[in-house]
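Report on the following structure.
The values are calculated or read from the model by the stated rules, or taken from the named source; none is laboratory data. As the structure is a prediction and not an experimental result, all values here were calculated from the model. FYI the Cβ positions are ideal-geometry reconstructions off the backbone, even for glycines, and counts take in every protein chain you see. To get the accessible areas, we keep the full protein, side chains included, count just its heavy atoms, and leave off ligands, DNA and RNA. Shrake-Rupley method; radii C 1.70, N 1.55, O 1.52, S 1.80 Å.
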Amino acid sequence: MPSSPDVALGPDPLDLEAFRKNGHALIDWIAEYLGDLEKGPVCETVEPGSVRALLPEFAPEQPEPFEAVLADLDRVVVPGLTHWQHPGWFAYFAAGSSPAAILGELAAAGLGVVPMLWSTSPAATEIEAHVLDWLVDLLGVPQDWKTTARGGGVLQSGASLSTHAAMVVAREECRKRSGAGAETMVVYASREAHSSVEKGARVAGFGRIRLLETDEAFAVRPEALSAAIDADRRAGLVPALVCSTVGTTGTNAVDPVRRIGEIARAAGLWHHVDAAYAGSAMICDEFRRHQDGLELVDSYTFNPHKWLATTIGCSVMWVADRRPLIEALTVLPPYLRNAASDSGAVIDYRDWHLSLGRPFRALKLWWVLRCFGAEGLRSMIRSHVTWARWLAERIDHHPRLERIAPTPFALVAFADRRGDQATDALVAKVNSVGRFYLTTSEVHGRRFARIALGNTRTTRAHVDDLWDTIESNA
Ligand code: PLP
């Protein structure tokens, strides 16, 4: 006898009562996961291929009950994770998160809208524009960057994509001005700039990127920029864009934005700022001196998903003037035409970045701002910076350790005075305890350890514990 269709089909994957029940179970699971995280290690130990080995060879032909799906979070997924939300996470930069952001992400998925045009979800577009205008005030960046003024903000999936988009606009502006082809154009950035700058220049088709010399604090030397521009001009090349970094990935160095902006203006270059991590700190007045000169900037990016309690996939890109961005990225096929766009009275975010389809990213950011309040976020940033400075002081007083760079925000870069091997060995020992995860990098050929604060679940007690562990292994 063939089985009845009901039995063969199993649970209905579209049943809303089951969704309600399973959804509650999932939220319970997430709350427990986050609450229990510090009972386990930051990094699980897995062999390559061991997770795939737990998966069936072929996709399921028949529906499975959600209980089985959820159970595999514990059986397959969690044992193979690196737990970015662990309070002992001090590696790379943190991936922001908070209950408000997680729920905002879930709500956006529940709504399932695609705000590529204003008309395909007016509320999503207007909330995005409004929240990014709020951030202009909250971070003290130029008022011109508001959508109600000349500029405007857009959410992208990451700072890399914001920088890539800036490169494309800069290339088009340079082409219009000089008539040059991209292969003769040159991009400039610090030798400490993030790899996304080099990748963006490559993707945008620029002929060359010059990675500029830095000073003792690893910030770009403005005279190196001027000299490189002059040399390139003499060689018949066309300087097109310079990227300043506020808070480099390695050591959190801050390039002199004002000086670079002055040189860029005088030489007719596009000036982009990458503040992926440190940009969030500008919600506190006392850090804004590090962004002095923003009125000399054409585009800027920072990631609320790094240090503003918002889950991954939330990067702000601002432009001082939105027209070149929209001109560079607008292609209008007949199937996207609509009366609202034709009226010119609305923002169509598809014209502000490379992708067409896009999630409702602003919802989670809006919820984070509302559930923390600016004061809540300032308090988190100030705690992280205070703890980082405390760690910096401990390191400064330790006979075998030394800080290799200033600590303007909440990243402490340090090394073992005995050399690279000792630094690597110290990090390996600290990480082997399981409660922490630090990463290393290199600057001017020297290896160093990074302690990057930014995780919303990290407390002072975790920082104390980290220092005790470093001290007893150094
Ligand atoms: N820029 C800087 C300074 C960074 O530190 C990072 C990542 O750490 C990026 C850009 C890349 O950001 P995303 O991963 O959002 O593309």
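Miscellaneous remarks
- Filter result for the condition that a residue is more than 16 Å from the ligand (Cβ to nearest atom) and either more than 20 Å from Ser178 (Cα to Cα) or hydrophobic (A, V, I, L, M, F, W, C) (or both), over Arg323, Arg259: Arg259
- Restricting the first member to segment 175-203 and to residues that are of a type in the set (Ser, Thr, Tyr), and the second to residues that are within 16 Å of the ligand (Cβ to nearest atom) and in a helix (DSSP H, G or I), the beta-carbon pairs closer than 6 Å and six or more apart or on different chains are Ser196/Ser160; Ser196/Thr163.
- Residue check for Ala68: within 30 Å of Ala124 (Cα to Cα), open to solvent by 30 Å² or more (accessible area, probe 1.4 Å) and away from the ligand (no atom under 16 Å from the Cβ): no
- Residues located in segment 228-256, provided they are in a helix (DSSP H, G or I) and under 17 Å from Trp270 (Cα atoms): Ala228, Ile229, Asp230, Asp232, Arg233
- Just so you know, in segment 315-359 the residues that are open to solvent by 20 Å² or more (accessible area, probe 1.4 Å) and under 18 Å from the mean Cα position of the chain (by Cα) include one that is farthest from Gly112 (Cα to Cα), and it is Leu354.
- For Pro304: the one exception among (1) out of contact with any helix residue (DSSP H, G or I) (no Cβ under 6 Å at 6 or more places or on another chain); (2) within 16 Å of the ligand (Cβ to nearest atom); (3) open to solvent by less than 10 Å² (accessible area, probe 1.4 Å): (1)
- Residues that are among the hydrophobic types (A, V, I, L, M, F, W, C), farther than 16 Å from Ser98 by Cα and either under 26 Å from the mean Cα position of the chain (by Cα) or open to solvent by 100 Å² or more (accessible area, probe 1.4 Å) (or both) within segment 14-61 comprise Leu14, Leu16, Phe19, Val42, Cys43, Phe58, listed in sequence order.
- Test: residue in segment 221-242 that is within 15 Å of the ligand (Cβ to nearest atom) and of a type outside the set (A, V, I, L, M): no
Matching residues to (1) at pLDDT 95 or above; (2) within 16 Å of the ligand (Cβ to nearest atom); (3) within 23 Å of Ala253 (Cα to Cα); (4) not in a loop (DSSP other than H, G, I, E, B):
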position	(1), (2), (3), (4)
Gly279	yes, yes, yes, yes
His290	yes, yes, yes, yes
Tyr300	yes, yes, yes, yes
Ala309	yes, yes, yes, no
Ile312	yes, yes, no, no
Met317	yes, yes, yes, yes
Ala328	yes, no, no, yes
Val368	yes, no, no, yes
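- The lone exception for Val197 - which of (1) more than 8 Å from the ligand (Cβ to nearest atom); (2) part of a helix (DSSP H, G or I); (3) open to solvent by less than 40 Å² (accessible area, probe 1.4 Å) it fails: (1)
- Pairs meeting the criteria (first residue in segment 298-319 and within 10 Å of Ala94 (Cβ to Cβ), second residue within 12 Å of the ligand (Cβ to nearest atom) and assigned to a strand (DSSP E or B), beta carbons under 7 Å, at least 6 apart or on different chains) are His305/Ser315.
- Pairs with Cβ under 7 Å, 6+ apart, first in segment 258-277 and among the hydrophobic types (A, V, I, L, M, F, W, C), second open to solvent by 20 Å² or more (accessible area, probe 1.4 Å) and within 11 Å of the ligand (Cβ to nearest atom): Ala276/His194; Ala276/Lys306
- Remark: pairs (first residue in segment 131-154, under 18 Å from Gly104 (Cβ atoms); second residue in a loop (DSSP other than H, G, I, E, B) and among the hydroxyl-bearing types (Ser, Thr, Tyr); Cβ separation under 8 Å; 6+ apart in sequence or on different chains) = Leu132/Thr147; Gly153/Thr147.
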